[in-house]
Amino acid sequence: MSTDKQSIDWYNQNAQHYTDHVRNPDDSIYHSLYEKPAMYGLLPDLQDKSVVSLGCGSGEDCEFLRSCGASKVVGIDISESMIGFAKNSYPECDFAVMDMENLAFENESFDFAYSSLAVHYIEDWTKLFADTHRVLKPGGSFLFSCNHPVYSALETSRNDDDMKVRELSRTLDKKTDSATIVGNYTKRRPVTLDTGMAVTTWHKSIGEITHEATSAGFVITDILEPQPLPAMEKVAPKDYETLTKIPNFIVFKLQKL
Ligand SMILES: C[S@@+](CC[C@H](N)C(=O)[O-])C[C@H]1O[C@@H](n2cnc3c(N)ncnc32)[C@H](O)[C@@H]1O
């Protein structure tokens, strides 16, 4: 299944709010102090390179990639409103409303493909990987981040004290010799995470992700499970402690041979 209508509507209706959020690094610390440093740390040399950003949102990463020397940066997003903000803000990049599963670009158009926290809106990445592989030049790479499968496998519940619990666990009752399992790592399924956003992302295992990537012809050159920057410990100690123990995002770097 491609990105569902409710998620697209959510981005269209909340584009202003989302854009304000990501443009304020103090507000979007999961970006500024966690995911972006990990992604930016794995960028190839972009001098005079052509770049496509899939699910570019309001375009901040596109502008950053351009500032790294890229000669052409194209951002695409399925949300018209998000693309509206991107176009108004970063005139030196190109933007288009487009589904990342149907890229309207010629074969071998780009040196580098980038996607930050967007691919997990799609259930099956076979088509997305095949199309990204098609539009990359030989030797080009694809860097993307998504929800970490350990995080999306956790199940949310309330305990007896009405405290929120997120767990992936197996409890064995010795008397009855029966086990209670909460959460599910193995099963691919849609999940609504408790981020306050009415959007649906897909949980899938590391094995499924890597299989879909290599089936499209990519070689996996890096897998990064980021750690938050030490600066997060001061501003958000609970988030910092959680992220140092339970990863929220994961980053993959693929290459087209
Ligand atoms: C969490 S936001 C990330 C935006 C941006 N990459 C950033 O880091 O700020 C996810 C974005 O993916 C876009 N998106 C979801 N499904 C998509 C699809 N099938 N094709 C293109 N964009 C998609 C959404 O509209 C949204 O702008």
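Could you list, in sequence order, the residues of segment 205-218 that are more than 20 Å from ASP131 (Cα to Cα) and within 16 Å of the ligand (Cβ to nearest atom)? None; the set is empty. Taken over segment 49-67, the criterion of being touching a strand residue (DSSP E or B) at 6+ places or on another chain (Cβ under 9 Å) and either β-branched (Val, Ile, Thr) or away from the ligand (no atom under 12 Å from the Cβ) (or both) is satisfied by LYS49, SER50, VAL51, VAL52, ARG66.
Just a yes or no: is a residue in segment 198-209 exposed (fewer than 14 other Cβ atoms within 10 Å of the Cβ) and not hydrophobic (A, V, I, L, M, F, W, C)?
Of segment 198-209, the ones exposed (fewer than 14 other Cβ atoms within 10 Å of the Cβ) are 198, 207.
Narrowing the set further to residues that are not hydrophobic (A, V, I, L, M, F, W, C) leaves 207.
Scanning segment 198-209 turns up at least one residue that is exposed (fewer than 14 other Cβ atoms within 10 Å of the Cβ) and not hydrophobic (A, V, I, L, M, F, W, C).
Within segment 166-180, not a single residue is within 15 Å of the ligand (Cβ to nearest atom) and within 23 Å of the chain's Cα centre (by Cα).
Restricting THR180, THR200 to those that are in contact with a strand residue (DSSP E or B) (Cβ under 6 Å, 6 or more places away or on another chain) and within 19 Å of SER115 (Cα to Cα) reduces the list to THR200. Where strands (runs of 3 or more DSSP E) fall entirely within segment 156-251, those with at least 3 residues that are touching a His at 6+ places or on another chain (Cβ under 9 Å) and touching a residue at least 12 places away in the same chain (Cβ under 8 Å) are at 189-191, 201-203. Is it the case that segment 224-242 has a residue that's in contact with an Asp or Glu (Cβ under 6 Å, 6 or more places away or on another chain) and either within 19 Å of ALA38 (Cα to Cα) or exposed (fewer than 10 other Cβ atoms within 10 Å of the Cβ) (or both)? For segment 224-242, residues in contact with an Asp or Glu (Cβ under 6 Å, 6 or more places away or on another chain) and either within 19 Å of ALA38 (Cα to Cα) or exposed (fewer than 10 other Cβ atoms within 10 Å of the Cβ) (or both): present.
Could you say which residue among TYR90, TYR114 is surrounded by 19 or more Cβ atoms within 10 Å (Cβ to Cβ), among the aromatic types (Phe, Trp, Tyr) and near the ligand (Cβ under 9 Å from one of its atoms)?
On the way: TYR90 fails: near the ligand (Cβ under 9 Å from one of its atoms).
After applying the criteria, what remains is TYR114.
Would you call VAL135 farther than 18 Å from ILE223 by Cα, modelled with pLDDT under 95 and either of a type in the set (A, V, I, L, M) or buried (at least 22 other Cβ atoms within 10 Å of the Cβ) (or both)? Criteria not met by VAL135. Remark: ASP20 falls outside the filter, which requires a residue to be at positive phi, of a type outside the set (A, V, I, L, M), at pLDDT 95 or above and surrounded by fewer than 16 Cβ atoms within 10 Å (Cβ to Cβ).
The values are calculated or read from the model by the stated rules, or taken from the named source; none is laboratory data. Owing to the predicted nature of the structure, the values given are computational and were not obtained by experimental measurement. When we count neighbours, we look across all protein chains shown, and the Cβ atoms used for this are built from the backbone with ideal geometry, even at glycine.
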